[in-house]
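The values are calculated or read from the model by the stated rules, or taken from the named source; none is laboratory data. All values derive from a computational prediction rather than experimental measurement. Glycine also receives a Cβ, built like all others from the backbone with ideal geometry; neighbour counts cover every protein chain displayed. For accessibility, only protein heavy atoms count, side chains too; no ligands or nucleic acids. Shrake-Rupley method; radii C 1.70, N 1.55, O 1.52, S 1.80 Å.
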Amino acid sequence: IARHEADQSNGTIPVSGAAVAALTELTLKYIQVMSEDSRAFTRHRKKQTVDEADVKLCARKVPQLLQDLESFMANNGKAGKKRQLDEMRRGQPNTDAEDQRPVGSDEDEEESRDLG
């Protein structure tokens, strides 16, 4: 991410390896916190699957993130679901299908361990 941002600035901002490592660690920790928070929101709603509403609740902490998420969802939400339905009707495999595993499943725990 840091290197991408530096590239976007035409190389006027050099980025050290230590800065890249720090940003990478920070990003991973933030993802872990958002994952835990979204699961808590899901459990609070007495549901089994984390959905967009749970993710949006997590994103409220960073207003720009929430704005970007809402923009992404507006541009990709219904169109993406329509595309998935069209592919299913044509019998094509859907590689973008949403993950519908129950919250707290063994696979969730394995993914959490992989991140940490």
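Among the residues of the range 45-74, just one is surrounded by 12 or more Cβ atoms within 10 Å (Cβ to Cβ), more than 11 Å from the chain's Cα centre (by Cα) and small (G, A, S), namely A53. Considered as a group, the residues in the range 8-27 that are open to solvent by 60 Å² or more (accessible area, probe 1.4 Å) and either part of a loop (DSSP other than H, G, I, E, B) or of a type in the set (S, T, Y) (or both) include one that is modelled with the highest pLDDT, and that residue is T24.
The set of residues in the range 34-44 that are free of Cβ contacts under 8 Å to residues at least 12 places away in the same chain and either hydrophobic (A, V, I, L, M, F, W, C) or surrounded by 14 or more Cβ atoms within 10 Å (Cβ to Cβ) (or both) contains only A40. Within the range 28-62, the set of residues being assigned to a helix (DSSP H, G or I) and among the aliphatic types (A, V, I, L, M) comprises L28, I31, V33, M34, A40, A53, V55, L57, A59. Taking every residue in the range 70-83 that is assigned to a helix (DSSP H, G or I) and at pLDDT 65 or above and pairing it with any residue that is surrounded by 12 or more Cβ atoms within 10 Å (Cβ to Cβ) and not basic (K, R), at least 6 positions away or on another chain, the pairs with Cβ-Cβ distances below 7 Å are M73/E52.
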